[in-house]
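*Asks:* The following block contains the structure, expressed as C-alpha cells.
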C-alpha cells in the first residue's frame, strides 16, 4: 500500500467556521424559551431549582476564571461582586414590583444594571489594588468582599429602598427561571470565550505567563488586569441578580468568604484557564453536596476528602488550560 502523505490540513483540521458557531448559538438561544416552559410544566421543581443553581454557578466560575485562570490574578472577592449585583436587582425589584409583560422588559434591564454596578465596583477595587501581585492582591480582594458583607449587614434602608440589614432582604418577586438563567450563561460563556481567544485577548494570557515580559513588550498590564476584573465583576453581578430572584430572599451571610472560596474551587478543579473546565466543575460541585445530603453530617467530610484527592491526583484540574472545542487530534497514518 502506498504511503499516505500528511498535509497540514490533515494534521491540524480547521476549526468550526465562525458562521456555523453563530448559527448554533442562535438556535440554542431560540430553544431556551420552549425548553423552559416544558421544564416548568413537567420537571420536578427540585431538579429545576438545581438546574438554575448550576447555571448561576457556571456564570460565577467562568467569570472568575477570566480573572484568576486566564489573566493569572488571585481574587478572593468574587462573592462581593455577586452581592452588589444581587442587592441592586433585589432592592429595585422589591421596591417597584413590576408585573406581567412589564417584568419581561424590566428584569433583563435589571440584570444588566446589576452587572454594571458590580463592574463599577470592579473598577473601584481594581484601579488601586491590581498593581499588587500574588498574596497581596488576594488579601486586598478578600478585604473588599468582607467590606461589602459588613456594609450590607449595617444598612436597613436607604430612603424608601429596603435593604434588610443583618436580617436579610425578603419577599423579592421570584422571576428567575431556566430561560433567564441559561440565556445569561450563553451570553457569559460566548462573550468571554470570544474575547480571550481573539487577537485582542492574547494580552490576558501574556499577563498570566509573565507580567514583566508582557510589560516589556508594550502590553499595558494594568489595563488588562483591570479589564479582566471589570468584565468578571459584571457577570458576577448578573449572577447575583439571578440568585436574588430564585427564592425571593437575600442574606448578607450568603456572600461571605466561604462563598468566594467555593467559586475559586470551581476554577481550580475545572482547570485554571479552561472555560469548559469551569463549566464542568461548577456543575459537579453544585450537584455533589446534594447527592451527599443523605449522609447527613458526614457529607461535608466526604465532600472535602474528594476535593483533596482530586487535587493530589490532578493538581492542574480536570482540563488544565485546555478547551474541548479547541482540541485537535492528529490523523493516524495507515501502516504506521
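*Asks:* Report, in degrees rounded to the nearest 10, the 0 to 90 angle that the Cα long axis of helix 78-96 makes with the longest principal axis of the chain.
*Replies:* 50 degrees
*Asks:* I would also like to ask the following. Rank these for me by crowding, 308, 263, going from fewest to most other beta carbons within 10 Å.
*Replies:* In order of increasing Cβ crowding within 10 Å: 308, 263.
*Asks:* What is the calculated FRET efficiency for residue 157 to residue 291, with r their C-beta to C-beta distance and R₀ = 56 Å, to the nearest 0.05?
*Replies:* So the FRET efficiency works out to roughly 0.90.
*Asks:* Taking the Cα-to-Cβ direction at residue 253 and at residue 170 and moving 7 Å from each Cα, how far apart do the two end points lie in nm?
*Replies:* It works out to 1.4 nm between the two label points.
*Asks:* Right, next: Can you give me the angle between helix 257-270 and the longest principal axis of the chain, using Cα atoms only, in degrees from 0 to 90, rounded to the nearest 10?
*Replies:* Roughly 20 degrees, rounded to the nearest 10.
*Asks:* Please report 278, 75, 297 as a ranked list, fewest other C-beta atoms within 10 angstrom at the top and most at the bottom.
*Replies:* 297, 75, 278
*Asks:* Another question, if that's okay. Which residues does the label zone of residue 43 cover in region 248-291, counting backbone N under 17 Å from a point 7 Å along Cα→Cβ?
*Replies:* Residues 280, 282-288, 290-291 qualify, since their backbone N sits under 17 Å from the label point.
*Asks:* Compute the long axis of helix 18-42 from its Cα atoms, compare it with the longest principal axis of the Cα atoms of the chain, and write down the angle in degrees, 0 to 90, nearest 10.
*Replies:* It is inclined by approximately 40 degrees.
*Asks:* Quote to one decimal, in nm, the extra length available between residue 18 and residue 303 on full extension: 0.36 nm per residue of separation minus the C-alpha distance between them.
*Replies:* Working it through step by step, the gained length comes to 98.6 nm.
*Asks:* For the chain, what does -39500 (n - 2.57) per DSSP helix run (n ≥ 4), summed and divided by total residues, give at 222 nm, in deg cm²/dmol to the nearest 500?
*Replies:* My calculation for the chain gives -22500 deg cm²/dmol from helical runs alone.
*Asks:* Would you mind getting me the FRET efficiency between residue 112 and residue 136? Use the beta-carbon distance for r and R0 = 35 Å, nearest 0.05.
*Replies:* It comes out at approximately 0.60.
FYI, it's all coordinate maths here, none of it is from the lab. Computed from a predicted structure; not experimentally measured. Glycine also receives a Cβ, built like all others from the backbone with ideal geometry; neighbour counts cover every protein chain displayed.
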